[in-house]
Ligand code: FAD
């Protein structure tokens, strides 16, 4: 099924992100994680591509495992360091496997990478155009409630986002954020600029104190005072921090839903127990 149809047909959606393993020998472990997560009936599951050193070749394998478990897969695809031929090979593979949904991304700029004249892709919108020109796929893109780290201003960031959406995106998934007000302001800016596709809110449950430092650095997102206090008080105690992080993420989602944000994507970090506890905390709301 296409993600855009799921978003249209269901009042509330909670979906999960997983990442593939770094080595082939770990593929069975990742599939076991997926089997466990499927029990919580996510609306769909996305699988990252080459992120944080994972092997891009395993993305389709994991997407297939998600599909085999009866859940709609959304396969991420990055283009910056790829050729047109490579991208089309991956698209052929996804098509052949009946994977209908792609999150079209530029990808982070690798360390020591130099843009060169032979480069085919420079920005995600070019990949969106490529996929859309083939037809058949439902295509999503990334957005940044607290501005993409390379953007010079909010105005610039939203203008580029509008161009990308106008290439034919069916939905957007947001970067993680911990302050819902940042998302509400971003949503308003999108409405003013007539970015009218569904915007899925990305939520990262922080279950240990080191994770938030890394996540905030990578994603440019602010840490609210309330969460800083939680870390100060519980950060040294892993099991307490985990519980507090799950509750914080659950409360964030409830507040979003109360404010009309009905589509949530959980960055699960491949932790089925964390995803499960959040889903339990939302059980009545999801089935409202
Ligand atoms: P773009 O939309 O191309 O934007 C990148 C920057 O370029 C922005 O600053 C934008 O304003 C600017 N820009 C866009 N168009 C133009 C233009 N025409 N001229 C000048 N500037 C322009 N990374 C992975 O490697 N694998 C993954 O699986 C992955 N999954 C992700 C999922 C989500 C939901 C998110 C939010 C991010 C994900 N990322 C992933 C990280 C992503 O690749 C990086 O954030 C990357 O730096 C930007 O990707 P993008 O698709 O947003 O790029």
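The values are calculated or read from the model by the stated rules, or taken from the named source; none is laboratory data. All values derive from a computational prediction rather than experimental measurement. Positions of Cβ are generated from backbone atoms using ideal geometry, with glycine treated the same way; all protein chains shown enter the neighbour counts.
State which residue is modelled with the lowest pLDDT when the search covers only region 96-110 and only residues that are more than 17 Å from residue 4 (Cα to Cα) and surrounded by 13 or more Cβ atoms within 10 Å (Cβ to Cβ). Outline the logic, then answer.
Kept after step one, since they are more than 17 Å from residue 4 (Cα to Cα), are these residues of region 96-110: 96-97, 105-110.
Still in the running and surrounded by 13 or more Cβ atoms within 10 Å (Cβ to Cβ): 97, 105-108.
Working: 97: 95, 105: 98, 106: 97, 107: 94, 108: 88.
Among those residues, the one meeting the criterion is 108.
Here is a check on your reading of the model: is residue 29 within 20 Å of residue 125 (Cα to Cα) and free of Cβ contacts under 8 Å to residues at least 12 places away in the same chain? Quick ask: steps written out before the conclusion?
Values: within 20 Å of residue 125 (Cα to Cα): no; free of Cβ contacts under 8 Å to residues at least 12 places away in the same chain: yes.
So residue 29 does not fit the description; no.
Just checking: which of the helices (runs of 4 or more DSSP H) contained wholly in region 200-274 hold 2 or more residues that are under 19 Å from the mean Cα position of the chain (by Cα) and surrounded by fewer than 22 Cβ atoms within 10 Å (Cβ to Cβ)?
Ranges flagged: 209-219, 238-258.
State which residue pairs qualify: first residue touching a residue at least 40 places away in the same chain (Cβ under 8 Å) and closer than 11 Å to residue 102 by Cα and inside region 163-177, second residue more than 10 Å from the ligand (Cβ to nearest atom) and part of a loop (DSSP other than H, G, I, E, B) in any location, beta carbons under 6 Å apart, and separation of 6 or more residues or different chains.
Partner pairs satisfying both residue conditions: 169/197; 171/197; 171/198.
Can you find a residue in region 166-176 that is farther than 21 Å from residue 253 by Cα, away from the ligand (no atom under 11 Å from the Cβ) and touching a strand residue (DSSP E or B) at 6+ places or on another chain (Cβ under 7 Å)? Write out each step before concluding.
First pass over region 166-176, keeping only residues farther than 21 Å from residue 253 by Cα: 166-170.
Okay, now just the ones that are also away from the ligand (no atom under 11 Å from the Cβ), so 166, 168, 170.
Filter once more, so that each one left must be touching a strand residue (DSSP E or B) at 6+ places or on another chain (Cβ under 7 Å): 168, 170.
Within region 166-176, one or more residues are farther than 21 Å from residue 253 by Cα, away from the ligand (no atom under 11 Å from the Cβ) and touching a strand residue (DSSP E or B) at 6+ places or on another chain (Cβ under 7 Å).
The rows are residues; the columns are (1) assigned to a loop (DSSP other than H, G, I, E, B); (2) touching a helix residue (DSSP H, G or I) at 6+ places or on another chain (Cβ under 6 Å); (3) under 20 Å from residue 65 (Cα atoms).
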position: 85; (1), (2), (3): no, no, no
position: 107; (1), (2), (3): yes, no, no
position: 111; (1), (2), (3): yes, no, no
position: 120; (1), (2), (3): yes, yes, no
position: 125; (1), (2), (3): no, yes, no
position: 145; (1), (2), (3): yes, yes, no
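Any chance you could count how many residues in region 37-54 are more than 10 Å from the ligand (Cβ to nearest atom) and buried (at least 16 other Cβ atoms within 10 Å of the Cβ)?
Step one: filter region 37-54 for residues more than 10 Å from the ligand (Cβ to nearest atom), giving 37-45.
Subset that is buried (at least 16 other Cβ atoms within 10 Å of the Cβ): 37-38, 40, 42-45.
Number of matching residues: 7.
Looking at region 128-135, is at least one residue over 21 Å from residue 55 (Cα atoms), touching a helix residue (DSSP H, G or I) at 6+ places or on another chain (Cβ under 6 Å) and assigned to a loop (DSSP other than H, G, I, E, B)?
Among the residues of region 128-135, not one is over 21 Å from residue 55 (Cα atoms), touching a helix residue (DSSP H, G or I) at 6+ places or on another chain (Cβ under 6 Å) and assigned to a loop (DSSP other than H, G, I, E, B), which makes the answer no.
Of all residues in region 275-284 being touching a strand residue (DSSP E or B) at 6+ places or on another chain (Cβ under 9 Å) and in a helix (DSSP H, G or I), which is surrounded by the fewest Cβ atoms within 10 Å (Cβ to Cβ)?
Going residue by residue through region 275-284, those that are touching a strand residue (DSSP E or B) at 6+ places or on another chain (Cβ under 9 Å) are 275, 278-279, 282.
Now drop any that are not in a helix (DSSP H, G or I), which leaves 275, 278-279.
Values: 275: 28, 278: 24, 279: 19.
So, considering only residues that are touching a strand residue (DSSP E or B) at 6+ places or on another chain (Cβ under 9 Å) and in a helix (DSSP H, G or I), the one surrounded by the fewest Cβ atoms within 10 Å (Cβ to Cβ) is 279.
Scan 31, 8 and give me the residue that is surrounded by fewer than 16 Cβ atoms within 10 Å (Cβ to Cβ), away from the ligand (no atom under 16 Å from the Cβ) and in a helix (DSSP H, G or I).
Working: 31 fails: surrounded by fewer than 16 Cβ atoms within 10 Å (Cβ to Cβ).
The unique qualifying residue is 8.
So, residue 158, is that one outside any helix (DSSP H, G or I) and within 14 Å of the ligand (Cβ to nearest atom) or not?
On the way: outside any helix (DSSP H, G or I): no; within 14 Å of the ligand (Cβ to nearest atom): yes.
It is false that residue 158 is outside any helix (DSSP H, G or I) and within 14 Å of the ligand (Cβ to nearest atom).
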